[in-house]
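First up is the structure itself, then whatever we jot down about it.
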Amino acid sequence: MQGHDAKRRRRRTAGRVVAGGLCLALLWAGCDSGGTGEEPEPTGPGSLVETALLETVDTGRIAAMNLPVSPRYDVEIHRILYRTVDPHGRETTASGALMRPRGTTGALPLVSYQHGTVVRKDDVASARGLDVPEALVGVLFATSGYLAVMPDYLGLGASEGLHPYVHAASLATSVVDMLRAARHFAEREGIPLDEAATGRPAVFLTGYSEGGFATVAAQRLLEGEQATAFHLVASAPMAGNYDMSGTMADLMLRREPYPAPFFLPYTLLAYDAVYDLFDDLSEAFVAPYDQRLPALFDGTRSGSEIDAELPAIPIEMVRSDYLTGFLNDTNHPLRQALRDNDLYAWAPRTPTRLYHCEADELVPFANTEVAAANFIARGAPAVEVVRLDVGGHVACAGPALFLAWLWFETFRTAKDGLPATRPPTAQGQPTRLPVR
């Protein structure tokens, strides 16, 4: 009982920490100059709660960002609050950024970009706009003529609680429900969405690192339970940890330094919140980490700041008896949780390209190999692996994202009714995007 009480206290404290952030987000939302004051009340997951215009970025400023495309449209950046569900199916509010191109004349496709690993709650585009480097991805797509969304995920931005890190089901619903909220935004603002092919809005999916994982999770949902909601045109997951119970578990078990040791406790804390893995952190973590970790993951610190407080070898934070139980029990609760979040036991129907650098030191390339082999073995008709050789995890992000954009453009130029973007022009070196 004492352990359960401690866990409840930890979760209540986390809720209090972020409650102020949610209130601020709601206050900001009231400043939306584009609202009419006649928005309907939220009616369930995917409903639009509030919007706020953060800023408008003109093409001159976009050209100065050194993106590898010729800007076509000014871009509005909006903060969106919308309804979704938490890992236990309870309705809640989440946030994200929406990038709207200005001055378009035709129907727009939707694109959802899923960001990489974030721990500090306000390190998302909906909170800090272009101060967050990954916001450039949304600008790149929007200035090319897409209505771009960037979901924050649960527990980040204006959402309460700890982010359920690499939890496939809640990542999927947060992405799909933001797409539904974006459709409501488009209806309210009179923005025509491309529905020429099927009568459903055309959607492209892409994301990097945890965002690659979230992309595959959302794709699975959009091809399954939500298949009638949107027309998924193409999916470009990048550098994702699709093999949680195999490749990623083996990586965390190594007794050698790892560049981002916070990944291990972030995963265990998140999975404990979802699967109730232990009654008290001291069952899994050695001192002093069993006491320090809740404060380190309170949403106010970045991953690098947390790493400065952790050992370079992540497994040194884990109790030996907990580790022994995990190694010897094929049905250990943590092992079951990891298996529950493997993302390769299905067959995607949508054209899918998995981008990954073979030298990735944070999320091994083996994740992509395992996923692709399983997809193809299960009969996936259009899955390709794009092997890149441009460096490690961070260096790979910019080139992979640009290649995904180029690939998406081939679907648009191949159809009537979708405006073709001008070919990329040489504007210096592409902007490096620091993505984890």
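Applying a threshold of 7 Å to beta carbon distances and a minimum spacing of six or more residues, or different chains, the list of pairs starting in the range 284-304 at a residue that is within 18 Å of PRO164 (Cβ to Cβ) and touching a residue at least 40 places away in the same chain (Cβ under 8 Å) and ending at one that is surrounded by 20 or more Cβ atoms within 10 Å (Cβ to Cβ) and of a type in the set (Ser, Thr, Tyr) reads PHE297/TYR266; GLY303/THR117.
Among the residues of the range 220-241, the one identified as among the polar types (S, T, N, Q) and either farther than 19 Å from LEU193 by Cβ or outside the structural domain of ARG353 (by TED's automatic domain parsing) (or both) is ASN241.
Would you check if there is a residue in the range 75-92 being out of contact with any Ser or Thr (no Cβ under 8 Å at 6 or more places or on another chain) and at positive phi?
Our first condition is that a residue be out of contact with any Ser or Thr (no Cβ under 8 Å at 6 or more places or on another chain); within the range 75-92, this holds for 88-90.
Those left that are additionally at positive phi: 89.
Among the residues of the range 75-92, at least one is out of contact with any Ser or Thr (no Cβ under 8 Å at 6 or more places or on another chain) and at positive phi, which makes the answer yes.
When residues in the range 127-145 are screened for being out of contact with any Gly (no Cβ under 9 Å at 6 or more places or on another chain) and assigned to a loop (DSSP other than H, G, I, E, B), 3 of them pass. Among the hydrophobic types (A, V, I, L, M, F, W, C), crowded, with 24+ Cβ neighbours inside 10 Å and at pLDDT 95 or above, is that true of VAL118? Judged against the criteria, VAL118 is a match. In the set LEU269, LEU277, LEU281, which member is surrounded by 14 or more Cβ atoms within 10 Å (Cβ to Cβ) and closer than 30 Å to CYS396 by Cα? Residue meeting the stated conditions: LEU269.
Please count how many residues of the range 245-260 are surrounded by fewer than 23 Cβ atoms within 10 Å (Cβ to Cβ) and under 21 Å from the mean Cα position of the chain (by Cα).
So the answer is 5.
Restricting to the range 66-88, name every residue that is modelled with pLDDT under 95 and surrounded by fewer than 16 Cβ atoms within 10 Å (Cβ to Cβ). Matches in the range 66-88: ASN66 only. Among the numbered criteria (1) surrounded by fewer than 24 Cβ atoms within 10 Å (Cβ to Cβ); (2) in a loop (DSSP other than H, G, I, E, B), which single criterion is violated by ALA169? Here ALA169 clears every test but (2). Scanning the range 94-124 for residues that are outside any loop (DSSP other than H, G, I, E, B) and either more than 12 Å from PRO151 (Cα to Cα) or of a type in the set (A, V, I, L, M) (or both) turns up ALA94, ALA97, LEU98, MET99, ARG100, PRO101, LEU108, LEU110, VAL111. Only residues that are more than 26 Å from ALA270 (Cα to Cα) and of a type in the set (Val, Ile, Thr): list them for the range 69-104, please. Across the range 69-104, the qualifying residues are VAL69, VAL75, ILE77, THR104.
For the range 258-343, list the helices (runs of 4 or more DSSP H) that sit wholly inside it and hold at least 1 residues that are aromatic (Phe, Trp, Tyr) and not assigned by TED's automatic domain parsing to the domain that holds LEU162; which are they? Full working, then the answer.
Numbers: elements: 263-275, 289-296, 303-307, 320-328, 333-340.
Helices (runs of 4 or more DSSP H) meeting the threshold: 263-275, 289-296, 320-328.
Checked against (1) in a helix (DSSP H, G or I); (2) closer than 20 Å to VAL203 by Cβ, VAL394 meets all criteria but (2).
Please tell me if VAL132 is over 26 Å from ARG200 (Cβ atoms), out of contact with any Phe, Trp or Tyr (no Cβ under 6 Å at 6 or more places or on another chain), surrounded by fewer than 23 Cβ atoms within 10 Å (Cβ to Cβ) and hydrophobic (A, V, I, L, M, F, W, C). Can you show your working first?
Details: over 26 Å from ARG200 (Cβ atoms): yes; out of contact with any Phe, Trp or Tyr (no Cβ under 6 Å at 6 or more places or on another chain): yes; surrounded by fewer than 23 Cβ atoms within 10 Å (Cβ to Cβ): yes; hydrophobic (A, V, I, L, M, F, W, C): yes.
Judged against the criteria, VAL132 is a match.
The values are calculated or read from the model by the stated rules, or taken from the named source; none is laboratory data. All figures in this text were calculated on a predicted structure; none of them were measured in a lab. As a convention, Cβ positions derive from the backbone with ideal geometry for all residues, glycine included, and neighbour counts pool all protein chains shown.
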